[in-house]
Number of protein chains: 2
Amino acid sequence: MKPVKIGLLGLGTVGGGTLEILQKTLPEIQGRLGQSIEVVAIAVRDLNRPRSVDTTGIELTDDPMQVVTHPDVEIVVELMGGTGLARDLLSEAIRLGKHVVTANKALIAEFGNELFALAAENNVIVNYEAAVAGGIPVIKAVREGLAANKIEWLAGIINGTGNYILTEMKKPGADFAAVLKVAQELGYAEADPTFDVEGIDAAHKLTILASIAFGIELQFNKVYTEGISKVTAEDIQFAEKLGYQIKHLGVASRTDNGFSLRVHPTLIPNSVLLANVHGVMNSVLVKGDHVGSTMYYGPGAGAGPTASAVVADIIDVIRWREQPQKARVPALGFVTEALQSAPVVSIEEIETRYYIRCFAQDHAGVLAKITSVMAKHNISIEQVVQEPCKSQPQDATLVMLTNRVKEANLNAALSDLSQLEEIDGEIARIRLESLQ
Amino acid sequence: MKPVKIGLLGLGTVGGGTLEILQKTLPEIQGRLGQSIEVVAIAVRDLNRPRSVDTTGIELTDDPMQVVTHPDVEIVVELMGGTGLARDLLSEAIRLGKHVVTANKALIAEFGNELFALAAENNVIVNYEAAVAGGIPVIKAVREGLAANKIEWLAGIINGTGNYILTEMKKPGADFAAVLKVAQELGYAEADPTFDVEGIDAAHKLTILASIAFGIELQFNKVYTEGISKVTAEDIQFAEKLGYQIKHLGVASRTDNGFSLRVHPTLIPNSVLLANVHGVMNSVLVKGDHVGSTMYYGPGAGAGPTASAVVADIIDVIRWREQPQKARVPALGFVTEALQSAPVVSIEEIETRYYIRCFAQDHAGVLAKITSVMAKHNISIEQVVQEPCKSQPQDATLVMLTNRVKEANLNAALSDLSQLEEIDGEIARIRLESLQ
């Protein structure tokens, strides 16, 4: 049987990793697939750059459209990133009736609806396992493995950089800025770390996970996104004392008024396995109505893990293209007619528990005053810790965990609290999820 | 489009759960699959038993062959268990050209080779996701999600009863017999607990996992199987002091001489996420050459989780039957011609680290004598703990962790050790895996 011919757009970290797998592990892959795969063309940025991978016998070009239109290329694999040129190239590949595999989370989260519609018209597959949580086959788990369930919610550590930073901040004396600097030196964080630490990368991934879990269109611009730059080492220590870890989570859940899609630092109980996911590792916890909670864990980035997901997608495309379109796994897990249009609720409408930390003057009656403000807004305090404040010696640091309350309600309480003359400086607020 | 018609063999816990999903979550499933599923016939043991599920409009029969030969039934779903009648029924279903879904781990582990060969001849699919780790889609993850990797090893907590017992034995004063009794009262363990506590159930699952990971035929009778009944609460406490948890693991790995397939109690480092999997939960850790380590976690038993996997298999069958056989995921993950015949090595040939616990007379020179026996066999002791022995006041309890050593070598050393007059009673030995 003739090998299936593919073209790569990009030969950077993931492109090189993909080529290496298709060379080194080809016997294993052939054993699984029953046929061979051949890379026939690769688009690179600079033809003269020395390569650590062997490209003998492969057409290299610096014009990516040549790979897309290459008469032998049956599957176009996009590993160049960005949402401009990549979008145009994949749209053209789809129009030419070619199947597509991409690792591009921004492209899928922002332009996936358009690409999937075009793919359906042209009877081709767009696969994107590597776009979420790198090497962990979580797209496959949710779209296929849990297909018998109505997904109630999911919560994931889906940005390795952020999780590395929060993990390192647990070490004595560490603070956000210092840890970020080390992460940059180790190559875990970009020179401009905004995408990772402000949660944009996680929001891209959460957008995709929410769509395949609930059967809703991709709505990246509706995701509430809060980064980790305001989390302090002190917050992490207080959380730990109370039995929690602070993790930067993507959370998608059903509410009475629609779907909640959000990325923010979150206290989660130590007793939950997800709280033990440390360093650069990723993990996604998914709650289905019949299966209960299942969790998927592994490396979320890097050449090998990402390329592992890309090649698994290529294998699926080779299998699925033999099916009529109606029998294939739909791009968003649900057939187009079944996609729901339920709204995404604003962050003010969510209901959860909260960690509140403030600096308050350390004299009698202050705690009573604070709790009475909270009570006025019908917020119960379930745990309180008070300690001498290190940065402001006249103050105590006061930490409270609330009961479940609507965020709008909590905001009103915090606004009243901040008016108290006994409160010094800003009040920190971190959401708390029990994940049960 | 007409619904796909299926027949169930068995309406016990899992059968009832499957019927309930296909009733309660059908709109969600139809949204994913683009078509409906209808249960038309069910074989039950006793037609007169009252049912908690609604069987209106479904043909009930106490002759399971009637379901198999039912002219409308396109997919036969076997949830009755056992390897006698179930084997005959599924063989007949396959001969009639019907696709098959089963949750029966014993049947697949012991007779899968025969069933898969028959299925290939008859161009039908046999799916068995629910046979391993209940609701966790780990068969899908290994056969499809990690298909770009050569799997190096896997290790799993794949028997919830055993993991529950070992977890409960950490509580003060608990011992194996008392915890087993509670597990039986809670319904976590059978009246005859042999299958679970002696590792047979785990060996069935490990057989299947090893085959799809490495591309080898099912070889249940080659699995080394050791249960948990000899693990003491004291061993669990010593392990914890040394930074380890004792888990009942199924381990499959490549060695220089063949594949190692084994089920036994194992010390694993606290720092490994798998060590934090407690209670009745299951989890499988898989090491691939490109992806590195990924882990899959969730409930390994129960009506909802098991039925979730059964229904996901039904959905896959409905999709895959539209493909030519060569494009389908092969039953053991690899096409028949690619299956390897490398041998399974005996337990004496494995190389790993060991936890050794013995009772030794508490006087000067005893430790030196013991370590010199070990040294004679080229075994280094990497950690030692000595404590007063509770059960034998004249003795000390001595615990040692060895370096990596061949099991045959260790056995020789233990045999020599047991000859020392300073050693009282049996020497306990538990394997230790770093899982890196």
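The values are calculated or read from the model by the stated rules, or taken from the named source; none is laboratory data. Just so we're clear, the structure is a prediction, and the values are computed from it rather than from any experiment. Backbone-built Cβ (ideal geometry, glycine too); neighbour counts: all protein chains shown.
In table form, for the structure just shown:
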{"item": "Qualifying residues in segment B:274-294 (those that are of a type in the set (S, T, N, Q) and in contact with a strand residue (DSSP E or B) (Cβ under 7 Å, 6 or more places away or on another chain)) - the one farthest from the other protein chains (Cβ to nearest Cβ)", "result": "B:282"}
{"item": "Residues located in segment B:326-362, provided they are in contact with a Leu (Cβ under 8 Å, 6 or more places away or on another chain) and assigned to a strand (DSSP E or B)", "result": "B:344, B:352, B:353, B:354, B:355, B:356, B:357, B:358, B:359, B:360"}
{"item": "Evaluation of residue B:421 against (1) out of contact with any helix residue (DSSP H, G or I) (no Cβ under 8 Å at 6 or more places or on another chain); (2) part of a loop (DSSP other than H, G, I, E, B); (3) surrounded by 14 or more Cβ atoms within 10 Å (Cβ to Cβ) (one fails), failing number", "result": "(3)"}
{"item": "Residue tally, condition of a type in the set (D, E, K, R) and crowded, with 23+ Cβ neighbours inside 10 Å, over segment B:261-294", "result": "1"}
{"item": "Some residue of segment B:200-220 being crowded, with 23+ Cβ neighbours inside 10 Å and free of Cβ contacts under 8 Å to residues at least 60 places away in the same chain", "result": "yes"}
{"item": "Residue ID - nearest to the chain's Cα centre (by Cα), chosen from residues in segment A:12-28 that are more than 8 Å from chain B (Cβ to nearest Cβ) and surrounded by 21 or more Cβ atoms within 10 Å (Cβ to Cβ)", "result": "A:14"}
{"item": "Helices (runs of 4 or more DSSP H) contained entirely in segment B:160-230, each with at least 2 residues that are under 14 Å from the mean Cα position of the chain (by Cα)", "result": "B:160-168, B:194-197, B:200-214"}
{"item": "Candidate set: segment B:295-353, residues that are surrounded by fewer than 17 Cβ atoms within 10 Å (Cβ to Cβ) and within 9 Å of chain A (Cβ to nearest Cβ); chosen: the one modelled with the lowest pLDDT", "result": "B:340"}
{"item": "Unique match (being surrounded by fewer than 23 Cβ atoms within 10 Å (Cβ to Cβ), within 14 Å of chain B (Cβ to nearest Cβ) and either over 28 Å from residue A:112 (Cβ atoms) or in contact (Cβ under 8 Å) with a residue 12 or more places away in the chain (or both)) among A:225, A:167", "result": "A:167"}
{"item": "Residue within segment A:71-78 that is of a type in the set (Asp, Glu), over 10 Å from residue A:8 (Cα atoms) and touching a Leu at 6+ places or on another chain (Cβ under 6 Å) present", "result": "no"}
{"item": "All positions within segment A:127-159 that are more than 10 Å from chain B (Cβ to nearest Cβ) and either assigned to a loop (DSSP other than H, G, I, E, B) or within 14 Å of the chain's Cα centre (by Cα) (or both)", "result": "A:128, A:130, A:131, A:132, A:154, A:155, A:156, A:157, A:158, A:159"}
{"item": "Count - residues of segment A:294-343 that are within 30 Å of residue A:255 (Cβ to Cβ) and touching a helix residue (DSSP H, G or I) at 6+ places or on another chain (Cβ under 9 Å)", "result": "20"}
{"item": "Filter result for residue A:269 (assigned by TED's automatic domain parsing to the domain that holds residue A:247 and on the phi < 0 side of the Ramachandran plot)", "result": "yes"}
{"item": "Some residue of segment A:133-149 being of a type in the set (S, T, N, Q), more than 18 Å from residue A:329 (Cβ to Cβ) and either touching a residue at least 60 places away in the same chain (Cβ under 8 Å) or buried (at least 21 other Cβ atoms within 10 Å of the Cβ) (or both)", "result": "no"}
{"item": "Residue under evaluation residue A:32, criteria (1) of a type in the set (Lys, Arg); (2) surrounded by fewer than 19 Cβ atoms within 10 Å (Cβ to Cβ); (3) within 20 Å of residue B:327 (Cα to Cα); (4) within 14 Å of another protein chain (Cβ to nearest Cβ), criterion not met", "result": "(2)"}
{"item": "Odd one out for residue A:205, checked against (1) within 21 Å of residue A:334 (Cα to Cα); (2) in contact with a Pro (Cβ under 8 Å, 6 or more places away or on another chain)", "result": "(2)"}
{"item": "Single residue of B:68, B:39 found to be crowded, with 19+ Cβ neighbours inside 10 Å, on the phi < 0 side of the Ramachandran plot, touching a Leu at 6+ places or on another chain (Cβ under 8 Å) and in contact (Cβ under 8 Å) with a residue 40 or more places away in the chain", "result": "B:68"}
{"item": "Tally, over segment B:366-418, of residues that are free of Cβ contacts under 8 Å to residues at least 40 places away in the same chain and part of a loop (DSSP other than H, G, I, E, B)", "result": "9"}
{"item": "Candidate set from segment B:90-114 (those that are in contact (Cβ under 8 Å) with a residue 60 or more places away in the chain and surrounded by fewer than 24 Cβ atoms within 10 Å (Cβ to Cβ)); member that is farthest from residue B:204 (Cα to Cα)", "result": "B:113"}
